[in-house]
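**Q** Here it is: the structure, laid out below.
The values are calculated or read from the model by the stated rules, or taken from the named source; none is laboratory data. Fair warning: this is a prediction, and the values are worked out from it, not measured in the lab. Neighbour counts run over all protein chains shown; Cβ positions are idealised from the backbone, glycine included. Only protein heavy atoms, including side chains, enter the accessible area calculation; ligands, DNA and RNA are left aside. Shrake-Rupley method; radii C 1.70, N 1.55, O 1.52, S 1.80 Å.
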Amino acid sequence: MRRLLLVVVLIFSSTLAHAQRRPPKLEPLPEPPPPPPMQEGDEPAVRIPVETGDKIEEVREGGRVVMLKVTPPHGKPYYLVDTTGNGNWMRRDSLDDGNRVPMWPIYTFD
C-alpha cells in the first residue's frame with residue numbers, strides 16, 4: 001500500500017514539474033494596431049435614400065430617429081419605422097396595422 005502511495009505521489013509531482021517548465025523560444029506578442037478613428041456627431045453615417053421632391057418628417061426619441069413620414073408630391077404618404085431600434089427600417093403604408101399589442105419598453109439599458 002505504501003509503495004502504491006509513493007508511486008502516485010512521484011507521478012503527480014513529476015507531472016507538476018513538467019507542467020511548470022517553460023517551452024523554449026517564446027517571443028513576446030506584437031503590439032495591437034490602434035483602433036480606427038470614430039466619427040463625431042450625433043448624425044448617423046448612413047442616410048436613407050428618398051426621391052427628390054418628397055417631404056420628410058422625422059420623429060426622434062432620445063436623440064435617435066425612430067420614424068420617418070415620407071410624403072411624395074403626388075401620392076399617399078408612407079412611414080419608415082425602426083421598431084426594434086437596431087436600424088432595420090420597415091415600410092408601413094399606414095400606422096394602423098390592426099394589431100393592438102402593447103409595444104412599449106419596460107426598461108432600457110444605457
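**Q** Output the number of residues of the range 66-86 satisfying the condition of being small (Gly, Ala, Ser), under 19 Å from the mean Cα position of the chain (by Cα) and open to solvent by 40 Å² or more (accessible area, probe 1.4 Å). It would help to see each step written out before you state the result.
**A** The first filter runs over the range 66-86 and keeps only residues small (Gly, Ala, Ser), leaving 75, 85.
Narrowing the set further to residues that are under 19 Å from the mean Cα position of the chain (by Cα) leaves 85.
This time we only want the ones that are open to solvent by 40 Å² or more (accessible area, probe 1.4 Å), so: none.
Within the range 66-86, residues that are small (Gly, Ala, Ser), under 19 Å from the mean Cα position of the chain (by Cα) and open to solvent by 40 Å² or more (accessible area, probe 1.4 Å) number 0.
**Q** Looking at 24, 34, can you tell me which residue is more than 25 Å from residue 85 (Cβ to Cβ) and at pLDDT 85 or above? Step through it out loud before you land on a result.
**A** Details: 24 fails: at pLDDT 85 or above.
Every option except 34 fails the conditions.
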